[in-house]
């Protein structure tokens, strides 16, 4: 399976993503410069973390206008898997591919720490093999990671089971103390209604080797691989 990792000016987790994915058997990842206009060569798309365009205006606000984003939007509409990590999540929201917004952390401080998240949707293409309630330890590093949505949007997200991950404590409880940024209802990651676009603030790319403190991020990338393989088998 081939992943395309988009590089924007200011991306700094693109190498983390390529390294993590290339460490997985059966997966390869390549950099795709933001001025490219096609992603046809790839089975899945990764929008990595970092500070695209220096986070000017708002995080992700300028990146949404990069030429590559038209290909991302087109391929997502056709069903291709897209994952946006940290700044990538911000870009997906700014581009209208996911609802809600990522705003300044409630503490008004940059947060860099390990967070525990709970899988809320076990049958998405990004959580195959993770039963509901599975705990994933993933690092966070952001200043604008507070997910916000109005009440109507929140209601739709919950009704459609689009809240994929929540911040929880070590016992799996979504308590305020486990929320690193003040995200509404401890939301750490959401998907679109079609379930092929996933945005999350924690970094699975930095949790693909137990020597770094957790190997739980591997589960997300392997889930994507399994989902693509299953779709390919059905098409055949």
* Just checking, which of 180, 139 is touching a helix residue (DSSP H, G or I) at 6+ places or on another chain (Cβ under 9 Å) and touching a residue at least 12 places away in the same chain (Cβ under 8 Å)? -> 139
* Determine which member of the set 98, 92 is under 14 Å from residue 191 (Cβ atoms) and in a helix (DSSP H, G or I). => 92
* Structure fact -> Looking across the range 15-37 at residues that are under 13 Å from residue 63 (Cβ atoms) and part of a loop (DSSP other than H, G, I, E, B), the single one that is farthest from the chain's Cα centre (by Cα) is 35
* Asked: Across the range 1-14, which residue is surrounded by the most Cβ atoms within 10 Å (Cβ to Cβ) among those that are part of a strand (DSSP E or B) and in contact with a helix residue (DSSP H, G or I) (Cβ under 8 Å, 6 or more places away or on another chain)?
  -> 6
* Considering 149, 101, which residue is within 14 Å of the chain's Cα centre (by Cα) and surrounded by fewer than 22 Cβ atoms within 10 Å (Cβ to Cβ)? -> 101
* Residue check, residue 89 against (1) touching a residue at least 40 places away in the same chain (Cβ under 8 Å); (2) within 22 Å of residue 213 (Cα to Cα); (3) under 14 Å from the mean Cα position of the chain (by Cα), all met but one. Which one? -> (2)
* Test: residue in the range 209-221 that is modelled with pLDDT under 95, under 17 Å from residue 49 (Cβ atoms) and part of a helix (DSSP H, G or I) -> yes
* Structure fact -> Taking the range 15-45 and the residues there that are surrounded by 23 or more Cβ atoms within 10 Å (Cβ to Cβ) and free of Cβ contacts under 8 Å to residues at least 60 places away in the same chain, the one that is nearest to residue 144 (Cα to Cα) would be 45
* Taking the range 59-98 only, how many residues are touching a strand residue (DSSP E or B) at 6+ places or on another chain (Cβ under 7 Å) and either more than 17 Å from residue 39 (Cβ to Cβ) or crowded, with 24+ Cβ neighbours inside 10 Å (or both)? -> 16
* On the given criteria, is residue 172 in contact with a helix residue (DSSP H, G or I) (Cβ under 8 Å, 6 or more places away or on another chain), in contact (Cβ under 8 Å) with a residue 24 or more places away in the chain, over 25 Å from residue 66 (Cβ atoms) and in a loop (DSSP other than H, G, I, E, B)? -> no
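The values are calculated or read from the model by the stated rules, or taken from the named source; none is laboratory data. Predicted, not measured: the structure shown is a model, and the values here were computed from it. We place every Cβ from the backbone using ideal geometry, glycine too, and count neighbours over all the protein chains shown.
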